[in-house]
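Notes follow the structure.
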Amino acid sequence: MKIIRYTDSALQIHCGALNPDGTACRIAGDIFGEFTVTSETADVKKLLAPIVPTSILCIGLNYRQHAAETGATVPEYPVLFTKGINTLQNPGDPICIPTYLRSDEVDYECELAVVIGKPCKNVSREQALDYVLGYTCADDVSARDWQIKKGGGQWCRGKTFDTFSPLGPCLVTADEIGDPNRLRIRTLLNGEMMQDSNTSDMIFDVPRLIEFLSGSNTLLPGTVILTGTPQGVGMAQKPPRWLKEGDVASIEIEKIGTLTNPVVAEEL
């Protein structure tokens with residue numbers, strides 16, 4: 001099932017199930033609990049991020065070719081950082097380049113986002129996918145100057161500006177995806193292919209990530225795991241290709257769809 005989240009003409013927020021013809025039917029209930037797909041046609045006025053995360057856990061250096069292009073050593077354990085909920089952005093809404101705390105090196109990162117569907121702690125690799133509600137596209141937007149040069153040795157400052165975590169366009173339930181490590185993943189910037197890979201290139205696959213992240217730690221329903229980005233990021237281009245006002249970034253993942261966001265400068 002492909003699930004969307006949207007506002008209707010009365011500005012009420014609902015979830016809906018997409019139909020093959022592009023229309024949707026309203027969902028009654030809680031997608032993290034009991035719900036039914038009604039026969040009522042969804043009155044979609046604005047598409048929202050498919051969920052509001054309870055937390056956003058992110059993995060760095062998780063594609064072999066990306067580690068190679070950045071000259072990084074392949075990690076022994078998954079490299080974890082977090083992003084604030086303030087970073088969430090809807091499909092079609094703008095990525096804002098920071099101007100108050102200025103960044104001149106804002107980068108794109110296509111990522112497969114995993115959404116946890118039920119409380120998850122100390123889960124084995126073999127059981128891990130049983131806890132997944134579904135998957136969506138993510139752009140792990142990153143201010144490289146703040147991430148690498150001015151972040152005090154931590155990545156979070158460069159990763160947690162407003163609008164830096166677009167999610168969408170829909171949440172595809174786990175049963176429709178099957179193996180999450182067999183999906184083509186791409187970034188297009190103004191229609192030009194920048195990243196083109198497959199989730200099979202992950203160093204730590206999705207079951208291993210869930211096993212690791214749930215160790216002595218509870219992943220709540222609504223936890224979003226950003227699973228890393230493949231080769232082709234802007235900072236590795238020659239010369240570097242930074243996002244600028246007027247750009248349009250699109251993340252495409254097989255079986256999920258396309259997440260597209262324009263780029264603007266932050267208004268002060």
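The values are calculated or read from the model by the stated rules, or taken from the named source; none is laboratory data. Quick caveat: nothing in here was measured; it's all calculated off a predicted structure. All Cβ positions, glycine included, derive from the backbone under ideal geometry; neighbour counts span all protein chains shown. Keep in mind that these areas ignore ligands, DNA and RNA; they rest on the heavy atoms of the full protein, side chains included. Shrake-Rupley method; radii C 1.70, N 1.55, O 1.52, S 1.80 Å.
Please go through region 11-40 and pick out each residue that is among the β-branched types (Val, Ile, Thr), part of a strand (DSSP E or B) and either touching a Ser or Thr at 6+ places or on another chain (Cβ under 6 Å) or in contact (Cβ under 8 Å) with a residue 40 or more places away in the chain (or both).
The first filter runs over region 11-40 and keeps only residues among the β-branched types (Val, Ile, Thr), leaving 13, 23, 27, 31, 36-38.
Next cut, part of a strand (DSSP E or B) only: 13, 27, 36-38.
Across region 11-40, the qualifying residue is only Ile13.
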Just one listed residue, out of Pro262, Pro207, Pro239, Pro169, is out of contact with any Phe, Trp or Tyr (no Cβ under 9 Å at 6 or more places or on another chain) and without any contact (Cβ under 8 Å) to a residue 60 or more places away in the chain, and it is Pro239
Flag for Leu101 being surrounded by fewer than 17 Cβ atoms within 10 Å (Cβ to Cβ), hydrophobic (A, V, I, L, M, F, W, C), under 16 Å from Val264 (Cα atoms) and touching a residue at least 24 places away in the same chain (Cβ under 8 Å): yes
Residues of region 64-92 being over 15 Å from Ile225 (Cβ atoms), at pLDDT 95 or above and either part of a strand (DSSP E or B) or open to solvent by less than 70 Å² (accessible area, probe 1.4 Å) (or both), in sequence order, are Gly84, Gln89, Asn90, Pro91, Gly92
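Does Thr223 satisfy being modelled with pLDDT of 95 or more, within 28 Å of Ala265 (Cβ to Cβ), surrounded by 19 or more Cβ atoms within 10 Å (Cβ to Cβ) and not aliphatic (A, V, I, L, M)? Walk me through how you get there before you give the answer.
Values: modelled with pLDDT of 95 or more: yes; within 28 Å of Ala265 (Cβ to Cβ): no; surrounded by 19 or more Cβ atoms within 10 Å (Cβ to Cβ): yes; not aliphatic (A, V, I, L, M): yes.
Judged against the criteria, Thr223 is not a match.
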Pro180 vs (1) open to solvent by less than 10 Å² (accessible area, probe 1.4 Å); (2) assigned to a loop (DSSP other than H, G, I, E, B); (3) under 16 Å from Phe81 (Cα atoms): all pass except (3)
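So which residues in region 97-117 are among the β-branched types (Val, Ile, Thr), farther than 12 Å from Cys137 by Cβ and not in a loop (DSSP other than H, G, I, E, B)? If you could, list the steps in order and put the result at the bottom.
Quick first cut of region 97-117, residues among the β-branched types (Val, Ile, Thr) only: 97, 99, 106, 114-116.
Filter again for farther than 12 Å from Cys137 by Cβ, leaving 97, 99, 106, 116.
Ile97, Val106, Ile116 - these are the residues of region 97-117 that are among the β-branched types (Val, Ile, Thr), farther than 12 Å from Cys137 by Cβ and not in a loop (DSSP other than H, G, I, E, B).
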Taking region 240-262 and keeping only residues that are in a loop (DSSP other than H, G, I, E, B) and surrounded by fewer than 18 Cβ atoms within 10 Å (Cβ to Cβ), one is left with Pro240, Lys244, Glu245, Gly246, Glu254, Lys255
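Scanning for something on the phi > 0 side of the Ramachandran plot and under 16 Å from the mean Cα position of the chain (by Cα), does region 246-266 turn up at least one residue? Step through it out loud before you land on a result.
Residues of region 246-266 that are on the phi > 0 side of the Ramachandran plot, as a first pass: 246, 255, 257.
Remaining after also requiring under 16 Å from the mean Cα position of the chain (by Cα): 255, 257.
Yes, the conditions are met somewhere in region 246-266.
Being of a type in the set (Val, Ile, Thr) and either surrounded by fewer than 18 Cβ atoms within 10 Å (Cβ to Cβ) or farther than 21 Å from Gly257 by Cβ (or both) narrows it down to one residue among Val123, Val132, Val115; which is it?
Working: Val132 fails: either surrounded by fewer than 18 Cβ atoms within 10 Å (Cβ to Cβ) or farther than 21 Å from Gly257 by Cβ (or both); Val115 fails: either surrounded by fewer than 18 Cβ atoms within 10 Å (Cβ to Cβ) or farther than 21 Å from Gly257 by Cβ (or both).
Going through Val123, Val132, Val115 in turn, just one is of a type in the set (Val, Ile, Thr) and either surrounded by fewer than 18 Cβ atoms within 10 Å (Cβ to Cβ) or farther than 21 Å from Gly257 by Cβ (or both): Val123.
Just checking, which of Ser216, Ser197 is open to solvent by 70 Å² or more (accessible area, probe 1.4 Å), at pLDDT 95 or above, small (Gly, Ala, Ser) and in contact with a Lys or Arg (Cβ under 9 Å, 6 or more places away or on another chain)?
Ser216
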Flagged in region 154-166 as closer than 28 Å to Tyr6 by Cα and either free of Cβ contacts under 8 Å to residues at least 24 places away in the same chain or crowded, with 18+ Cβ neighbours inside 10 Å (or both), in numbering order, are Lys159, Thr160, Phe161, Thr163, Phe164, Ser165, Pro166
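Looking for something closer than 19 Å to Gly232 by Cα, in a strand (DSSP E or B) and open to solvent by less than 30 Å² (accessible area, probe 1.4 Å) - is there at least one such residue anywhere in region 49-58? Walk me through it before giving the result.
The first filter runs over region 49-58 and keeps only residues closer than 19 Å to Gly232 by Cα, leaving 58.
Filter once more, so that each one left must be in a strand (DSSP E or B): 58.
Those still in the list that are open to solvent by less than 30 Å² (accessible area, probe 1.4 Å) too: 58.
Yes; the residues of region 49-58 include at least one that is closer than 19 Å to Gly232 by Cα, in a strand (DSSP E or B) and open to solvent by less than 30 Å² (accessible area, probe 1.4 Å).
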